[in-house]
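*Asks:* Following this message is one structure expressed as structure tokens.
The values are calculated or read from the model by the stated rules, or taken from the named source; none is laboratory data. From a predicted model like this one, the values you see are computed outputs, not experimental measurements. Backbone-built Cβ (ideal geometry, glycine too); neighbour counts: all protein chains shown. All accessible areas refer to the heavy atoms of the entire protein, side chains included, with ligands and DNA or RNA removed. Shrake-Rupley method; radii C 1.70, N 1.55, O 1.52, S 1.80 Å.
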Amino acid sequence: MLLTSMKRGVVRRWHQGRILFSMDAFLEFERELARKKQAKKPLEAPKTFRLEPPIKPKDDECCNSNCPNCILLVYQQQLMEYEDSLRWKSRELTKLTPEPVDISLTFASTSKALNEEKIISKNPLRTECLSVESNQELGTSSVHHIEVHLPQGYATGDNLVVHMFNDNQLIERCAKRLDVDLNTVLKIDKSSNVPELYIDHWITIETLLKWAFDLTSTLRPRLLRILASYATDLTEQQNILTLARNWSQDGDGLNIVDILETYPSITLPFTNFLAIAPLLPARQYSIASSSDCLNDTKKAALAVSTRARGRCAMYLAQESHRIYGYTTPSHFSTKLPLDSTPKVFIGAGTGIAPFRAFISTLSCQKKAVPKVALFQGCRSCESEWLYKEFFQNAFEISTQKNVLEHWFPAFSRDPNEPKKYVQDALLEQYALIGDYIVKEAGTVFICGSIPMGRNVKEALVKCIAKSQQWSHEDAKEYITRMQNEQRLISEVW
Ligand SMILES: Cc1cc2nc3c(=O)[nH]c(=O)nc-3n(C[C@H](O)[C@H](O)[C@H](O)COP(=O)(O)OP(=O)(O)OC[C@H]3O[C@@H](n4cnc5c(N)ncnc54)[C@H](O)[C@@H]3O)c2cc1C
């Protein structure tokens, strides 16, 4: 109970100020102060439950002698207890209960049954263990350039799908808390939470906990609220809800196992865990090298940004031995026509990666290559001008090989230059854009964040409208047509 302000001095203050305040107003004011302090702490069950209101003393009942057990002080204390009890009671009445879950499992009872099934899959993911050949930060940027050996090779423009996993200690803690044996074999028959690739496979609990669920990342508010509904202790339930309310990205970083251990009253059957636990989705990274001309066509480069200190990015930045993953075609794979029509490459941040690959491919072509204009969005000229030397080189040799005819870097956070985004650079070059993509029917490739992709498309419409003297609607229609004809291809995330 937070009645710190209700020490003797409070009553004395009232005694001194009674000419100005009514007793009711004064007591209410003091309770309000105590409530404000209380609101900052998680709601706790009151130490004294009082479900009947206390009897209010009459105005002349106080003797005005500053007694430590002043009748007003006692009344105030009891009133707080009464109000707290009512609040707690109303929460109890609205106690959360778990929602029904949509999952069905079959447990394999004996090893004989398993042998008969013969379909135990230890790793239902298509992952390969890939060795990391080098891993270094690019200059002072928060981007890591990572080279990975891909035994199966890859096609220029492909992405690498990276799978993370939880560490063994965490898996063991999780199994202990959920009271399951890691070697138990089961089959998930149906579930709306678990990804398709795990459905209908015999699989050990250990494999599931290692690859399918994110036991490591900070648990987000939605899942905290779901777990709160499994807590049988009301105080714990309220405390978990408070955690969810006060959640912040930079908070104390409790993962699902920490939460389960911290709140022992959470009664979560393993089946329900499978139905609600956060998933560990694979992440994709554009391959920044070309398989067309390198001596080692099985070495793929990645540019990974750790700016947001995300789970997979940090894992990749720190991993120097092996990662798990496989290649997958991107929207760009096999889309780089080597015909003579011009190409416009527009990339921001690590979205520049596939263009490094494309330009490598073009620079090792024996025949003439198309005209290329590269628009590169960077944060600042000093840091995060990704692959500056590589593009500089492609730009400088363009007089002989015509690899990179135009190169427009745009710096959005350079202390010495006005803020310029890649779409601003496009607008400045509207005449060139008009020539390349309308007059010469060229192709545009866009790679970067989703908002960047949207802004770039709007800028392209403006460039076309201005350069061709078309209406905005006609220019927009032209861009839509380009998209349908695969002459405007985006890879955004
Ligand atoms: C086609 C494509 C190409 C990409 N290329 C690059 C690149 O070249 N360089 C680069 O730095 N980044 C690239 N990304 C972004 C990258 O995949 C990650 O999203 C990024 O690194 C953040 O992940 P994280 O785990 O570090 O961050 P976190 O903050 O831990 O993850 C962010 C949240 O988003 C979810 N999430 C993140 N990525 C994915 C995903 N791929 N699928 C489903 N859910 C996801 C996670 O569940 C998590 O909740 C690309 C993304 C896509 C889709």
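*Asks:* Mind checking which lysines have their Cα closer than 22 Å to the Cα of residue 89? Skip sequence neighbours fewer than 8 apart in that chain.
*Replies:* 36, 37, 40, 41, 47
*Asks:* Can you tell me the 0 to 90 degree angle between the C-alpha axis of helix 8-17 and the longest principal axis of the chain, rounded to 10?
*Replies:* Tilt relative to the chain: about 80 degrees.
*Asks:* Over the Cα atoms of the chain, each weighted equally, I'd like the Debye log10 I(q)/I(0) at q = 0.06, 0.10 Å⁻¹, rounded to two decimals.
*Replies:* For the chain, the Cα-only Debye profile gives -0.48, -0.91.
*Asks:* Any lysines with Cα under 22 Å of the residue 187 Cα? List them, leaving off those in the same chain fewer than 8 positions away.
*Replies:* Result set, ordered by chain and number: 112, 118, 122, 176, 210.
*Asks:* Just in the stretch 152-254: which chymotrypsin sites (Phe, Trp or Tyr not before Pro) are loop by DSSP and have at most 12 other Cβ atoms within 10 Å?
*Replies:* Hits after loop and neighbour filter: nothing returned.
*Asks:* Could you order 37, 366 by accessible surface area, starting with the largest, using a probe radius of 1.4 Å?
*Replies:* Sorted descending by solvent-accessible area, the residues read 366, 37.
*Asks:* Using only Cα atoms, find the angle between the long axis of helix 168-178 and the longest principal axis of the chain, and express it within 0 to 90 degrees, rounded to the nearest 10.
*Replies:* Once rounded, the angle reads 40 degrees.
*Asks:* Which angle from 0 to 90°, rounded to the nearest 10, does the C-alpha axis of helix 71-93 make with the longest principal axis of the chain?
*Replies:* Rounded to the nearest ten degrees, it is 50.
*Asks:* Note the direction-averaged projected area, equal to a quarter of the hull surface, for the Cα convex hull of the stretch 343-492, in nm².
*Replies:* Computing the convex hull of the Cα atoms and averaging its projections yields 8.7 nm².
*Asks:* If you take the beta carbon distance between residue 197 and residue 318 as r and set R0 to 35 Å, what does 1/(1 + (r/R0)^6) give as a FRET efficiency, to the nearest 0.05?
*Replies:* It comes to 0.85.
*Asks:* For the stretch 256-402: lysine pairs with Cα atoms under 23 Å, gap of 8 or more or different chains, count?
*Replies:* Lysine pairs, 8 or more places apart or on different chains, close enough: 20.
*Asks:* Spin-label point model (7 Å from Cα, Cβ direction): what's the residue 126 to residue 435 distance in nm?
*Replies:* 4.3 nm
*Asks:* Right, something else. Considering only DSSP beta bridges with both partners in the chain, what is the antiparallel share in %, to the nearest 5?
*Replies:* Taking every DSSP beta bridge within the chain, about 60 percent pair in antiparallel fashion.
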